[in-house]
Amino acid sequence: MFNLLKNSFLELKKTKTIVICGLLLAISLMLNTQALKIEGITIITFSFIANSTAGFLFGPVVAGILGGLTDFLTHVINPKGTYFFGFTFNAILGGFLYGSFLYRKIYGSKKLILRIILCKIAISLIVNLTLGTYWYSMYAGKGFLVLLPARIYKELIIVPIHCIVMYTILKIVNKIYYQLNLDDNKNTQIEKC
């Protein structure tokens, strides 16, 4: 785990990392402003695409920073209520988990699918259901157990969709990243299905 964090931290020294993360931040901000809010339950966005891509390419440190910046800047650009750090913490933790599950692994397609599913389940249980519901109950003044059933239902629907989208996007990203010779380690290309 220490090497994973160290390697991810060292990615911050590379110009390509900063440039690509700037582009991913812009994409994530755009996707966050197009959020679907279900009153009293949750907010559904597709910014996970940028965060998972950052985790896949650059690891947990970079993806965590990107997640935190995305959440904070989304609130600055398009505020919807008061700022609450708990949600920013969730964004940082979500990025960290994407990087921990997806960074610098040699994958076959089946292994990538398994890692994506495990990653989304971990994020769903830890970040969205547990912490997210807790933060929202504090923020909105509603009971944790009152909010939980609707959020479980939302996660049961959204996790498979996220897994399919992530698999499709990460295969494309990996292929482009490898073809443009941006990868220092040429052994990380995903095998063809």
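Of Ala35, Ala63, which residue is under 21 Å from Ile123 (Cα atoms) and modelled with pLDDT of 90 or more?
That would be Ala63, the only listed residue that is under 21 Å from Ile123 (Cα atoms) and modelled with pLDDT of 90 or more.
Just to be sure, is Leu97 among the aliphatic types (A, V, I, L, M) and touching a Gly at 6+ places or on another chain (Cβ under 9 Å)? In short, yes.
Do we find that Leu10 is surrounded by fewer than 24 Cβ atoms within 10 Å (Cβ to Cβ), in contact (Cβ under 8 Å) with a residue 60 or more places away in the chain, of a type in the set (A, V, I, L, M) and over 20 Å from Val165 (Cα atoms) in this structure?
Details: surrounded by fewer than 24 Cβ atoms within 10 Å (Cβ to Cβ): yes; in contact (Cβ under 8 Å) with a residue 60 or more places away in the chain: no; of a type in the set (A, V, I, L, M): yes; over 20 Å from Val165 (Cα atoms): yes.
Criteria not met by Leu10.
For region 13-29, residues that are exposed (fewer than 15 other Cβ atoms within 10 Å of the Cβ) and under 16 Å from the mean Cα position of the chain (by Cα) total 3. With the condition kept exactly as written, say whether any residue in region 144-155 is at pLDDT below 85 and out of contact with any His (no Cβ under 7 Å at 6 or more places or on another chain). No, the conditions are met nowhere in region 144-155.
Going by what's in this entry, would Leu66 be described as surrounded by fewer than 20 Cβ atoms within 10 Å (Cβ to Cβ) and part of a helix (DSSP H, G or I)?
Details: surrounded by fewer than 20 Cβ atoms within 10 Å (Cβ to Cβ): no; part of a helix (DSSP H, G or I): yes.
Taking the combined requirement at face value, the residue does not satisfy it.
The single condition among (1) buried (at least 19 other Cβ atoms within 10 Å of the Cβ); (2) of a type outside the set (A, V, I, L, M); (3) modelled with pLDDT under 90 that Asn3 does not satisfy is (1).
Would you confirm, using the coordinates I've provided, whether Tyr83 is at pLDDT below 95 and either surrounded by fewer than 17 Cβ atoms within 10 Å (Cβ to Cβ) or hydrophobic (A, V, I, L, M, F, W, C) (or both)? Outline the logic, then answer.
Numbers: at pLDDT below 95: yes; either surrounded by fewer than 17 Cβ atoms within 10 Å (Cβ to Cβ) or hydrophobic (A, V, I, L, M, F, W, C) (or both): yes.
Answer is yes for this residue.
The values are calculated or read from the model by the stated rules, or taken from the named source; none is laboratory data. Please read these numbers as outputs of a predicted model, since none were measured by experiment. Glycine also receives a Cβ, built like all others from the backbone with ideal geometry; neighbour counts cover every protein chain displayed.
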